[in-house]
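The values are calculated or read from the model by the stated rules, or taken from the named source; none is laboratory data. Bear in mind the structure is a predicted one, so any value in this text is a computation, not a measurement. Glycine also receives a Cβ, built like all others from the backbone with ideal geometry; neighbour counts cover every protein chain displayed. These accessible areas exclude ligands, DNA and RNA; they are computed on the full protein's heavy atoms, side chains included. Shrake-Rupley method; radii C 1.70, N 1.55, O 1.52, S 1.80 Å.
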Amino acid sequence: DPAVIFDLGGKFDKSFNEAGYNGAERWAKETGGKYLEIELKSEAQREQALRRFAETGANPIITMGFAMSAPLAEVVGDYPDTTFVTIDGWVQAPNVHVIGFSEQEGSYLVGMLAAQASKTGTVGFIGGMDIPLIRRFACGYAEGAKAVNPDATVIANMTGTTPTAWNDPVKGSELTKAQIAQGADVVYAAAGGTGVGVLQTAADEGILSIGVDSNQNHLHPGKVLTSMLKRVDVAVYEVLKAGDALEPTIQTLGLAEDGVGYALDDNNAALISDEMKASVEDAKAKIIAGDVSVHNYTSDDSCPALSF
Amino acid sequence: MDFLTLVQVLDSTVRLATPLLLACLAGLFSERAGIFDIGLEGKMLMAAFFSAAVAAITGNVWFGLLAGIGSSLALSGLHGAASITFRGNQLISGVAINFLASGLTVLIAQSWFQQGGRTPSLLSGGRFEPIELPFAIGPTEAAETGRRLSDLLSEANVLQQVYSELISGHSIIVYLAGLCVFLTWWVLFRTRFGLRLRAVGENPAAVDTAGISVIRLRFAAIAICGVLCGIAGAYLATGLQAGFVKEMTSGRGYIALAALIFAKWRPVAALWACLLFGLLQAIALRFQNIDLGGFVVPVQFMEALPYILTVVILAGFVGKAIPPKAGGQPYVKER
Amino acid sequence: MDKMPKWADVVLIPVISILLAALISALVILAIGENPVEALNLMVNGALGSTYGWGYTLYYATNFMFTGLAVAVAAHAGLFNIGGEGQAMLGGLGVALFCLYLPLPHWTIALVVAAVGAGLFGAAWAAIPAYLQAKRGSHIVITTIMFNFIAFSVLNYMLVEVLKPQGAMDPASAKFPAATHLPSLHDILAPIGIEFSKSAPANVTLFVALAACVFVWALIWRTPLGYEIRALGKSEPATRYAGISSVRIIMITMLISGALCGLMAINNVMGEAERLVLNATEGAGFIGIAVALMGRNHPVGVFLAAILFGFLYQGGAELALWSSIPTELIVVIQALVILFTGALDNMVRMPIEKLFLAFRKEKA
Amino acid sequence: MTAPAIQLKGISKAFGPVQANKDISISVAPGSIHGIIGENGAGKSTLMSILYGFYKADKGEIWIKGNRTEIPDSQAAIAAGIGMVFQHFKLVENFTVLENIVLGAEDSGMLMPSLSRARKELKALEEEYELYVDPDARIDEIGVGMQQRVEILKALYRKAEILILDEPTGVLTPAEADQLFRILDRLRSEGKTILLITHKMREIMEYTDTVSVMRRGEMTATVKTAETSPEELAELMVGRKVLLQVDKVPAKPGKPILEIQNLSVTDSMGVERVKGIDLQVRAGEILGIAGVAGNGQSELLEVLGGMRADRGRISGSVKLHGSELPMTGAGSDARARRDAHIGHVPEDRQAEGLIMDFHAWENVAFGYHRDPAYNAGLLMDNAALRADTERKMEKFDVRPPLPWLAAKNFSGGNQQKIVVAREIERNPDLLLIGQPTRGVDIGAIEFIHQQIVELRDAGKAILLVSVELEEILSLSDRVAVMFDGKIMGERAADQTDEKELGLMMAGVAGEAA
Ligand SMILES: Nc1ncnc2c1ncn2[C@@H]1O[C@H](COP(=O)(O)OP(=O)(O)OP(=O)(O)O)[C@@H](O)[C@H]1O
Ligand SMILES: Nc1ncnc2c1ncn2[C@@H]1O[C@H](COP(=O)(O)OP(=O)(O)OP(=O)(O)O)[C@@H](O)[C@H]1O
Ligand SMILES: [Mg+2]
Ligand SMILES: [Mg+2]
């Protein structure tokens, strides 16, 4: 059987891990297959979970999140016959399949939507843990916003510097209030479980929010402008479908591969005008065609559109 | 930092101080009666979970509140059994209760909701909504005028800003907590029950020989403690936030204890102590790295500040805090 | 006369307490709709059914021996050290700094040097609460809890701002140099022909922990210092009469206690992760309380209780892997053990004392 | 004949393995003062606490004024008209006098009306019985004599008809004690019944109408005071004839060992406890310090024993063998005192002199545990320690002679023998000894007194502090009286008497001898 290791946020974080969970469930439903799973509770469990699954013959083993990189690198050598998959992580080994996403591209699109929906010209970004990966989201978002409105102000805050930053709704809520006070009327949360607090507060205070990873539009219908989709579900689903036949490579999924995107459904249909939609679709085509390039923060650890 | 920002930080201070204050008053009743309670944290956590869970299931926040109080009372009962009936070590009992709450909440949450130890997000009926006081600028006015609340506020005069942001717009529990400060003072210093309660924390033998049951008094005290902790926990999950997440009390019970010591076991001083700790939390939450003219205070320092301050207070730099004399010791008549 | 024989106090009562805790744990498992027998089966198999399981059980037990001994040593002086968590975190920091920045040619030297680092840092973290207790009477329970929180912030800062390698995402230090890697039980047992799981983290630190048990026993019951520690724990006014400085004893005891907690880091940080991560202690500091309570503050008892908790921890991890019972079950069990062996001790003790008294009267 | 005010029938009470009261029956006539005597631990306080509902008897009946009365708690006792003044006062120290009196006897849920009514009533009671107290003073700010008045007022405020007093004069000066008995007399004349526990034969003989004697949990006799004598009572208490005199030859004082000049001691609360005293103890003599408890004797002993080096302030000069003994800093703690050959038997053997949970053999090293004789290398030499303990136990007739027994499992007298053996066997140049026979039975008293005298005859200096005047007079060669931190005067033991010393203890300065 294959196995999935969810990160500390847990498979119901309404975001990154939940997307992975949905993908796995879809596969299980469609094929009737079974998979092993664990939600990590602590750092020290990472290696133990990897080894335990590998020793019982699970294959492939999917790990969610960048934090699995180090323990993964530690164990892959001991189990050459097992294929490991890292989503968002980075390990170079013959039996590791690496899946990354071009989050900056999806963030660019929702940034455009945010700037168009904003009446104040100020939009906010609340990240989870302050790591380069999340800065990549922020940077793409700022570029998108400024592409629509060069005078737009983008306020960016990070929730913290440790994994608790993924799970701190109170702080998410307070930061949202602070950004509202600074004039933001659209806030983009790329913060895992913390985002729940951001979306909640935005809805309470009557401004718009943007969800992340999964489609979060339904959480507060009519109050979530859109969600930046990161199709972790698709990635997991594809890996599980390939099963033993999976050939380890390095995949980066962007707009072109439909790995990222923005969510449009009944919940937010009224918020997105045809005009907004057209502009975004146009940008999307250009990015896929290579006419517009969105800066990738992790390529040079800098962001032209935003300073942190 | 303009004035409105300051008001907003203070507004946030009030919100964050409320659970501290309720827990602090809870501890005050318990410790004044001679029962140390480091289990405030656990009781709050338990109450937070049960209030959110029941509010989520019934959609009624008041049922949630009752459930929260009930669960906190159950833990109080356990603490009472251990430290009053069986004369156990009160510190150890408190530690055990904290662990119990931390484990049970997640275990039950997972069993009931399968959402990784969380409750579902609460919808409006399941939460304590902010109350708009008359004449305050709030969402209603914003909706009527069709303008943004923050614009309206920034245009308003200073008095109106303070009234609308700081005084108006809190949930009922915030106002209730304020009332509790006065009530606590009154009960403690103006009623027979208060006299006996204070006496039992100082010299239980005096109370006993005066013909009053030490056990009943102490159980009454920790029951009040349980109720207040229950309200504090319910506020966390259904007022401050919209649902339960694991470990959501994150040390507030300990901070409340520190505030209690800082306040030297006095109700009004407890209010100020809790506001101070609330302010520190509000600052740490809102501002990341604080730049003090070139020197950047790291966010980790701000996060640790309430705890550092607690140690400084305990070290007696603000005058010696003398706890109730019989505190922490079980009342033993026969060896 | 004592109210009952010593064996009843040190064996019978803890055993009954544990059984009560186990019974209620079983009820909890039933209440969340799972099968307690199956759960126990999974735990026993996962923790004791293979050398792999033993490797983890012993690894966790090693952690708990250190923290349990630390709590026990402090308890003998009448001090309740809840700060084990923070002291162990700082111990980890010490290990990381020493391993990363000192040239250590061989694991034997690394072990000694890292142990010194771990002990120093752990002791230093206990020193301030100790001083405040000794000199200013600030309650050590609250100050050590506060120091746990502060330790987390310190570690957070060090990992994020100082130790995190360039470009790394998670807050963790770089990997320690290969020369500092400690031999695992597999490496130690293989030469003498014993097959032990290669992938379990139990390592040479286990023997350091056993040595620490012996050390604590000798310290407490055989040295004049231990005599003074126990005297302080039993009667503070008497120590003043005997010319034993309570300030000195509180300081020394807490430094030893902190150092023992710090030493745990050579197991989890140096022996297992081989780098410093944020939440490396995993609550071992708190488990030390339960371990010491159960072990009646005696090294032999601490050793046995540590193995029991190692079993619970490893068994709990297995539960999480193979069933839908969350690992938090272990926290509940731990709470129940603390409750019954610590706080509700008298609930078990009083009826048993009555029983012995009645029995004795009958005989007399 | 009217029914007895109190009748106890077959009362028994055990604390775990200790049988504190065994089948006790007693009957007390109304309007009388009934004394109860007996050694420490005889069960007097336990019996009275049962009558007051503080403890519950295992067996037995209580009859009040001819009616069978259940007294499950103090509330019931108060309702039955019983009031009790405990040996250790039961007052809330940081409450005012008024609050203490009202506690438990409030009129309603609101506090203020109760307090103002109590204030009025207190005034009336004060005037009626001449029991003056300041209702707004805090308990921790008033003296013990005053505190005792508060306890009596508490009982009267609750309309007590039966008043129990447990060792009420232990903490009073003779003058205060006289006043107390005047009040008791007045209460008796009003028809109230008084139960008085005391150790002082004089009080029994002078003030009681009847007296009961208790021994080892049993009531051995009840007699009319007028028909008995102190000698008979003492024999009833102990179970054999007793000799209360100490055998000793006149002292042959040598050169001064301890010289104290202008010594003052301030405690950590800033209260001056010892106020510039001068004293000298010579080799081969016993200097006794008399005084009511709490007049600075304890502090003096503690300072000399090195127990106060880290607390409060100490000034003045103390010389041992003519060289200065440091009072603070290095060399001023109890360990350094032992190194200087000063032995110390502390006043409170259970809290200070022994670790109650330690074995006897561990206690024999207490304070000397770093002595090379008890250590072998880094570790303690437990075998040597046990051998030493066995030797001392035999010499001092400690019973049972079991080094393994925990100190708490010895009786009070044997505990004291362990402490005295430890200190005397070191052969100190100066022995500080506080309350050597408190809570010790007559047999052991004789033995301990004999050991002290032997040490004196070996040419050692002894400083004795005791609140028992009789003991001071019979054991000392010279007597100094302390009052309010000062020395009121010094007398040769054979040229003074209890009366003179009693006056000095009450603060009336004696003329220079
Ligand atoms: N609360 C208690 N628990 C256990 N044992 C007790 C308790 N109180 C008294 N005892 C024991 O009961 C016995 C009788 O004690 P009690 O206090 O009645 O004696 P007493 O005659 O009043 O002595 P004293 O003259 O010292 O006041 C003693 O052996 C004592 O140790
Ligand atoms: N608190 C206690 N706990 C356990 N046992 C006690 C306690 N108090 C007294 N005892 C036991 O009760 C017995 C009587 O003790 P107590 O101190 O009353 O003796 P005593 O009659 O005063 O003898 P002595 O004349 O030697 O002082 C002792 O043997 C002691 O073991
Ligand atoms: Mg008595
Ligand atoms: Mg005795």
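Key figures for this structure:
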read-out: Tally, over region C:102-128, of residues that are over 21 Å from the mean Cα position of the chain (by Cα), over 14 Å from C:Val204 (Cβ atoms) and open to solvent by less than 30 Å² (accessible area, probe 1.4 Å); value: 1
read-out: From B:Thr184, B:Thr238, B:Thr191, residue being touching a helix residue (DSSP H, G or I) at 6+ places or on another chain (Cβ under 6 Å) and modelled with pLDDT under 95; value: B:Thr238
read-out: In region A:154-190, residue least open to solvent (accessible area, probe 1.4 Å) [restricted to those that are modelled with pLDDT under 90 and more than 10 Å from chain B (Cβ to nearest Cβ)]; value: A:Ala165
read-out: Within region D:51-98, considering residues that are among the aromatic types (Phe, Trp, Tyr) and within 17 Å of D:Ile26 (Cα to Cα), the one farthest from the other protein chains (Cβ to nearest Cβ); value: D:Trp63
read-out: Residue within region D:103-121 that is among the hydrophobic types (A, V, I, L, M, F, W, C), out of contact with any helix residue (DSSP H, G or I) (no Cβ under 9 Å at 6 or more places or on another chain) and touching a residue at least 12 places away in the same chain (Cβ under 8 Å) present; value: no
read-out: From the options D:Ser114, D:Ser49, residue that is within 16 Å of ligand 2 (Cβ to nearest atom), among the polar types (S, T, N, Q) and surrounded by 15 or more Cβ atoms within 10 Å (Cβ to Cβ); value: D:Ser49
read-out: Where A:Leu109 falls short, out of the listed (1) open to solvent by less than 20 Å² (accessible area, probe 1.4 Å); (2) assigned to a loop (DSSP other than H, G, I, E, B); value: (2)
read-out: Residue that is among the small types (Gly, Ala, Ser), at pLDDT 90 or above and either within 14 Å of ligand 2 (Cβ to nearest atom) or in contact with a Cys (Cβ under 7 Å, 6 or more places away or on another chain) (or both), where the choices are D:Ala406, D:Ala444, D:Ala421; value: D:Ala406
read-out: Complete set of residues in region D:274-327 that are within 14 Å of another protein chain (Cβ to nearest Cβ), among the acidic types (Asp, Glu) and either crowded, with 23+ Cβ neighbours inside 10 Å or touching a Pro at 6+ places or on another chain (Cβ under 6 Å) (or both); value: D:Glu299, D:Glu302
read-out: Yes/no for A:Asp233 being open to solvent by 30 Å² or more (accessible area, probe 1.4 Å), of a type in the set (Asp, Glu) and closer than 18 Å to A:Phe101 by Cα; value: yes
read-out: Filter pass, D:Ala351 being of a type outside the set (Val, Ile, Thr), under 14 Å from C:Arg240 (Cβ atoms), within 19 Å of the chain's Cα centre (by Cα) and assigned by the TED database to the domain that holds D:Leu405; value: yes
read-out: Selection count, region D:36-62, where residues are among the β-branched types (Val, Ile, Thr) and away from ligand 3 (no atom under 16 Å from the Cβ); value: 1
read-out: Qualifying helices (runs of 4 or more DSSP H) (wholly inside region C:152-248; at least 1 residues being open to solvent by 40 Å² or more (accessible area, probe 1.4 Å), of a type in the set (Gly, Ala, Ser) and more than 8 Å from every other protein chain (Cβ to nearest Cβ)); value: C:205-222
read-out: Top-ranked residue of region D:1-22 - restricted to ones that are in contact with a strand residue (DSSP E or B) (Cβ under 6 Å, 6 or more places away or on another chain) and of a type in the set (A, V, I, L, M, F, W, C), ranked as farthest from ligand 4 (Cβ to nearest atom); value: D:Ala5
read-out: Considering residues of region D:21-42 that are open to solvent by 10 Å² or more (accessible area, probe 1.4 Å) and within 14 Å of ligand 2 (Cβ to nearest atom) only, the residue farthest from C:Met350 (Cα to Cα); value: D:Glu39
read-out: Residue identified as more than 16 Å from ligand 2 (Cβ to nearest atom), farther than 26 Å from D:Ser189 by Cβ, open to solvent by less than 70 Å² (accessible area, probe 1.4 Å) and touching a strand residue (DSSP E or B) at 6+ places or on another chain (Cβ under 7 Å) among D:Ala137, D:Ala80; value: D:Ala137
read-out: Residues (in contact (Cβ under 8 Å) with a residue 60 or more places away in the chain and either within 14 Å of another protein chain (Cβ to nearest Cβ) or within 16 Å of ligand 1 (Cβ to nearest atom) (or both)) located in region D:14-32; value: D:Gln19, D:Ala20, D:Asn21, D:Lys22, D:Asp23, D:Ile24, D:Ile26
read-out: Subset of region D:190-212 (residues that are within 16 Å of ligand 4 (Cβ to nearest atom) and crowded, with 18+ Cβ neighbours inside 10 Å); value: D:Ile197
read-out: Some residue of region A:40-61 being at negative phi, part of a strand (DSSP E or B) and crowded, with 23+ Cβ neighbours inside 10 Å; value: yes
read-out: Among (1) within 16 Å of ligand 3 (Cβ to nearest atom); (2) modelled with pLDDT under 90; (3) closer than 17 Å to D:Thr222 by Cβ; (4) of a type outside the set (Lys, Arg), the one test that D:Ile11 misses; value: (2)
read-out: Selection status of C:Tyr131, without any contact (Cβ under 8 Å) to a residue 24 or more places away in the chain, open to solvent by 10 Å² or more (accessible area, probe 1.4 Å), more than 17 Å from C:Ala88 (Cβ to Cβ) and not aliphatic (A, V, I, L, M); value: no
read-out: Pairs where the first residue, in region A:174-191, is farther than 24 Å from A:Phe16 by Cβ and the second is in a loop (DSSP other than H, G, I, E, B) and aliphatic (A, V, I, L, M), C-beta under 8 Å, 6+ apart; value: A:Ile180/A:Ile207; A:Asp185/A:Ile207
read-out: Region B:315-335: number of residues that are open to solvent by less than 20 Å² (accessible area, probe 1.4 Å) and either within 16 Å of ligand 1 (Cβ to nearest atom) or in a helix (DSSP H, G or I) (or both); value: 1
read-out: Those residues of region D:347-391 which are assigned to a loop (DSSP other than H, G, I, E, B), within 18 Å of C:Ile229 (Cα to Cα) and either of a type outside the set (D, E, K, R) or away from every other protein chain (no Cβ under 11 Å) (or both), in sequence order; value: D:Leu354, D:Ile355, D:Met356, D:Phe358, D:Val364, D:Ala365, D:Phe366, D:Gly367, D:Tyr368, D:His369, D:Leu378
read-out: Unique match (being open to solvent by less than 10 Å² (accessible area, probe 1.4 Å) and within 16 Å of ligand 1 (Cβ to nearest atom)) among D:Ala421, D:Ala407; value: D:Ala407
read-out: All helices (runs of 4 or more DSSP H) inside region B:102-219 with 3 or more residues being within 11 Å of another protein chain (Cβ to nearest Cβ); value: B:139-145, B:149-155, B:172-190, B:192-202, B:204-209
